[in-house]
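Have a look at the structure below, then the notes.
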Amino acid sequence: MDREKALNVLGTALMPCSYDPLTGWYRDGCCHTDQHDAGSHVVCARMTVEFLNFQFERGNDLITPRPEHRFKGLKPGDRWCVCALRWREAYEFGCAPPVVLECTHQRALEYVLLEWLRKKSVLSSSENPAPG
């Protein structure tokens, strides 16, 4: 997939999700993906206590730092490219975190309905921290 031409779920250019913490399959700040991204880390979500706890209870610890994976651990308010199926599971259980549509890769639509993403959407780029 050509990262420079990646589109979001709205059909426009994919915008960065977060530089702090540095997110993305490529750790480039965007929810870019490729054929090696088995989890499809394509949904830009703003973390909540409920979502982090829900994931932890299912064996997906997003809280504990893992420096060997360039992962400093997440806290509520952080934005992160989450796996589309993990987000969908949380949505179905009523604890999906808010999403940033402009920063969510179009591949998310292979797993999640746009209507669901819209219901949980928040304004985006104005809250996105600049790199550095």
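The values are calculated or read from the model by the stated rules, or taken from the named source; none is laboratory data. No experiment lies behind these values; they were computed from the predicted model shown. Note that we place each Cβ from the backbone using ideal geometry, even for glycine, and neighbour counts take in every protein chain shown.
Restricting attention to the stretch 85-111, which residues are touching a strand residue (DSSP E or B) at 6+ places or on another chain (Cβ under 7 Å) and either closer than 19 Å to residue 12 by Cα or of a type in the set (Val, Ile, Thr) (or both)? Steps first, answer last, please.
Restricting attention to the stretch 85-111, the residues satisfying the condition of being touching a strand residue (DSSP E or B) at 6+ places or on another chain (Cβ under 7 Å) are 87, 97-108.
Passing the criteria: 99, 100, 101, 102, 103, 104, 105, 106, 107, 108.
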Filter the stretch 36-52 down to the residues that are over 18 Å from residue 119 (Cβ atoms), in contact (Cβ under 8 Å) with a residue 12 or more places away in the chain, out of contact with any Leu (no Cβ under 8 Å at 6 or more places or on another chain) and not acidic (Asp, Glu) and list them by number. 41, 49
How many residues are of a type outside the set (Lys, Arg), more than 12 Å from residue 116 (Cβ to Cβ) and more than 8 Å from the chain's Cα centre (by Cα) when one looks only at the stretch 76-88? 4
Select from the stretch 8-29 the residues that are touching a His at 6+ places or on another chain (Cβ under 8 Å) and modelled with pLDDT of 95 or more and write down the one among them that is farthest from residue 96 (Cα to Cα). 14
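If I filter the stretch 7-39 down to residues being in a strand (DSSP E or B) and within 14 Å of the chain's Cα centre (by Cα), which single residue comes out as nearest to residue 67 (Cα to Cα)? Can you show your working first?
Start the filter on the stretch 7-39 by keeping residues that are in a strand (DSSP E or B), which leaves 7-8, 13, 19, 22.
From the residues that got through so far, the ones that are within 14 Å of the chain's Cα centre (by Cα) too are 8, 19, 22.
Values: 8: 29, 19: 16, 22: 12 Å.
Ranking the qualifying residues of the stretch 7-39, first place goes to 22.
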Kindly establish whether residue 70 is more than 16 Å from residue 47 (Cβ to Cβ), at pLDDT below 95 and among the charged types (D, E, K, R). yes
So residue 4 clears everything in (1) of a type in the set (Asp, Glu); (2) under 10 Å from residue 81 (Cβ atoms); (3) not in a loop (DSSP other than H, G, I, E, B) except one condition, right? Which one? (2)
Could you tell me whether any residue of the stretch 8-16 is crowded, with 16+ Cβ neighbours inside 10 Å and in contact with a Lys or Arg (Cβ under 7 Å, 6 or more places away or on another chain)? no
